[in-house]
């Protein structure tokens, strides 16, 4: 490879601008323009790629809509009532509040597609509950809250899977349903760690809730519990597309907040609209940058180059997945997740196809992996957020989250090497593979 | 006629910024409404619509580019912030000058070609509603100009030793 080729210069520019703090989307646009300039191509190509790309990425409209519905859901505080319901289910086991935390995240995962939304919605109240009267160390409460939030984008719906669907041209519906078993595997792994920790440190048990209170508690949690039913029922019942389901989720969250809990009005709605609109612009720009840069990568035939390079090593699918996992785990320590999906995964996809790896399986493995990156230091987004919510020092949270990371990597190995864990449900729903 | 004072100018800019936020919010709500209309038309009136698909992607494209141009605050951008955030404000201000100048220069160089491309599209129309494509795509020109202006301000601030306000991990949505 020529170290002074237009492509190499573009890479230096993107890396340089990114490291020096220019937003990543803009860095990629700048690098792409430089490439066109040096390669003597039409300078309008970047604009053309961004505009045509955004205009044809209909599936991506699910992203702003899921962001909007998460904002509304968190406003309505419908998830607060889930805590009582989860307590009823698992509170009486050793380390009860830790289990409650995980189970609540499972349910929330069925409502929202973002780990950050999960933390924003339930993080504070979960941590407060666990640390009341010093029952759990605050760093442990923060660690399990961050770890369980990771389940959010694995169990459907899922914002990263929507983005992956765009770059891999796979069906959002099958990707979503493929995440169900991995999501539960991740949750079991976390509950296993929590059980172990609870016995080791003698964490408390919650008072069992008498059966006669069960209906009341369930009733209060019903609006929240209905959300996953509406979303998944809508998508897999063939009533709505995944993108439309995102809009239905937002409408439902709004109606529940206004008419059932009656805890927000126009002012709050306005705030939620502005927040989600700005988040939309932020991720939209990242996607726009990736659209511009992916054009350059395609013109340079980088994915084919990687494929040829790897063919030289005569990798088996198993070893290929092993190395992809290692690379993604390392990148997850330093890079933001959406960027990895948009920029790094497209490079591997042709090789995955050539090796006969199913792209729904590959996507689920990659996203599971990238989600683990949300709680691996030094750049673990969720660690930063729980640290600021709980006030616990980052290094203590990192220490306490390590067993969770370890358990999740074991779950990752399982879903990597037993493809049926991902593909069984999609195949049941008619996926041909 | 007297020139407006600095505070008046700041007032005007703030007002403009709030209106820009309103436009950005409107684009999101409009996109959401397209979907609701589409679903209701299909199930309640048994009358599938085609224009909603087209209009909603236009709202999404505009929402992204208009939002990035006028609504996003510096602290809301997705950055490679693990390295950048550990620098002192003085260093970050210098970085902002360098990155800002590179970005502005490249946008300016591409500008004539972009303008030509967009205006050339006046002969094309969107598939369903027949909206002229140069109108739809003009948002990219607006975005480019706004980005040039905005980064000029950031370069100016950087020269004065002021770095953009950042927040680690903000802007990520997954």
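The values are calculated or read from the model by the stated rules, or taken from the named source; none is laboratory data. Quick caveat, the model's predicted, so the values are computed rather than measured. Neighbour counts are summed over all protein chains in view; Cβ atoms, including those assigned to glycine, are modelled from backbone coordinates with ideal geometry.
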Query raised in the report: Condition test on residue A:379, is it outside any helix (DSSP H, G or I) and farther than 30 Å from residue A:200 by Cα?
Result: no
Query raised in the report: Is it the case that some residue within the range B:121-128 is touching a strand residue (DSSP E or B) at 6+ places or on another chain (Cβ under 9 Å), more than 12 Å from chain A (Cβ to nearest Cβ) and not in a helix (DSSP H, G or I)?
Result: yes
Report summary line: Within the range A:401-433, the count of residues that are farther than 25 Å from residue A:357 by Cα and part of a loop (DSSP other than H, G, I, E, B) comes to 0
Requested in this report: Given the conditions (1) within 14 Å of chain B (Cβ to nearest Cβ); (2) crowded, with 24+ Cβ neighbours inside 10 Å; (3) part of a helix (DSSP H, G or I); (4) modelled with pLDDT under 90, report the number of the one that residue A:73 does not fulfil.
Outcome: (1)
**Report entry** Filter result for the condition that a residue is closer than 30 Å to residue B:76 by Cα, in contact (Cβ under 8 Å) with a residue 12 or more places away in the chain and in a helix (DSSP H, G or I), over A:398, A:349
**Finding:** A:398
Query raised in the report: Which ones in the range B:29-79 are more than 8 Å from chain A (Cβ to nearest Cβ), in a helix (DSSP H, G or I) and touching a residue at least 40 places away in the same chain (Cβ under 8 Å)?
Result: B:51, B:54, B:55, B:62, B:69, B:70, B:74, B:75
Query raised in the report: Filter the range A:260-269 for residues that are surrounded by 13 or more Cβ atoms within 10 Å (Cβ to Cβ) and part of a helix (DSSP H, G or I); which is modelled with the highest pLDDT?
Result: A:269
Query - Selected residue (only one of A:144, A:127, A:116 is within 14 Å of chain B (Cβ to nearest Cβ) and buried (at least 24 other Cβ atoms within 10 Å of the Cβ)) - result: A:116
Query raised in the report: Is it the case that residue A:229 is surrounded by fewer than 18 Cβ atoms within 10 Å (Cβ to Cβ) and closer than 30 Å to residue A:171 by Cα?
Result: yes
Query raised in the report: When you look at residue A:62, is it surrounded by fewer than 20 Cβ atoms within 10 Å (Cβ to Cβ), in a helix (DSSP H, G or I) and more than 9 Å from chain B (Cβ to nearest Cβ), yes or no?
Result: no
Report summary line: Residue pairs qualifying under the 9 Å Cβ cut-off, at least six apart or on distinct chains, with the first in the range B:100-116 being exposed (fewer than 14 other Cβ atoms within 10 Å of the Cβ) and the second being assigned to a helix (DSSP H, G or I), are B:108/B:144; B:108/B:148
Query raised in the report: Among A:31, A:16, A:21, which is free of Cβ contacts under 8 Å to residues at least 40 places away in the same chain and part of a helix (DSSP H, G or I)?
Result: A:16
Query raised in the report: Right, residue A:181: under 23 Å from residue A:236 (Cβ atoms) and surrounded by fewer than 24 Cβ atoms within 10 Å (Cβ to Cβ) or not?
Result: yes
Query - Selection from the range B:146-167 of residues that are closer than 23 Å to residue B:115 by Cβ and without any contact (Cβ under 8 Å) to a residue 24 or more places away in the chain - result: B:149, B:153
Requested in this report: May I ask you to list the residues in the range A:231-246 that are more than 10 Å from every other protein chain (Cβ to nearest Cβ) and farther than 15 Å from residue A:113 by Cβ?
Outcome: A:233, A:236, A:237, A:238
Query raised in the report: Here are some residues: A:85, A:108, A:4, A:93. Which one is in a loop (DSSP other than H, G, I, E, B) and either in contact (Cβ under 8 Å) with a residue 60 or more places away in the chain or in contact with a helix residue (DSSP H, G or I) (Cβ under 7 Å, 6 or more places away or on another chain) (or both)?
Result: A:93
Query raised in the report: So how many residues does the range A:34-49 have that are within 8 Å of another protein chain (Cβ to nearest Cβ) and either outside any loop (DSSP other than H, G, I, E, B) or buried (at least 24 other Cβ atoms within 10 Å of the Cβ) (or both)?
Result: 6
**Report entry** Test for residue A:149: is it touching a residue at least 40 places away in the same chain (Cβ under 8 Å) and within 14 Å of chain B (Cβ to nearest Cβ)
**Finding:** yes
Requested in this report: Look through the range A:50-59, keep the residues that are surrounded by fewer than 22 Cβ atoms within 10 Å (Cβ to Cβ) and facing chain B (nearest Cβ under 7 Å), and return whichever of them is farthest from residue B:50 (Cα to Cα).
Outcome: A:55
Report task. Return the only residue of A:251, A:277, A:272 being in a helix (DSSP H, G or I), over 15 Å from residue A:74 (Cα atoms) and facing chain B (nearest Cβ under 10 Å). Result -> A:277
Query raised in the report: Is there any pair linking a residue in the range A:354-379 that is away from every other protein chain (no Cβ under 14 Å) and touching a residue at least 12 places away in the same chain (Cβ under 8 Å) to one that is surrounded by fewer than 24 Cβ atoms within 10 Å (Cβ to Cβ) and part of a loop (DSSP other than H, G, I, E, B), with Cβ under 7 Å and at least six apart or on different chains, and which?
Result: A:358/A:419; A:358/A:433; A:359/A:170; A:360/A:170; A:360/A:431; A:361/A:419
Query raised in the report: What about residue A:27, is it within 30 Å of residue B:75 (Cβ to Cβ) and surrounded by 24 or more Cβ atoms within 10 Å (Cβ to Cβ)?
Result: yes
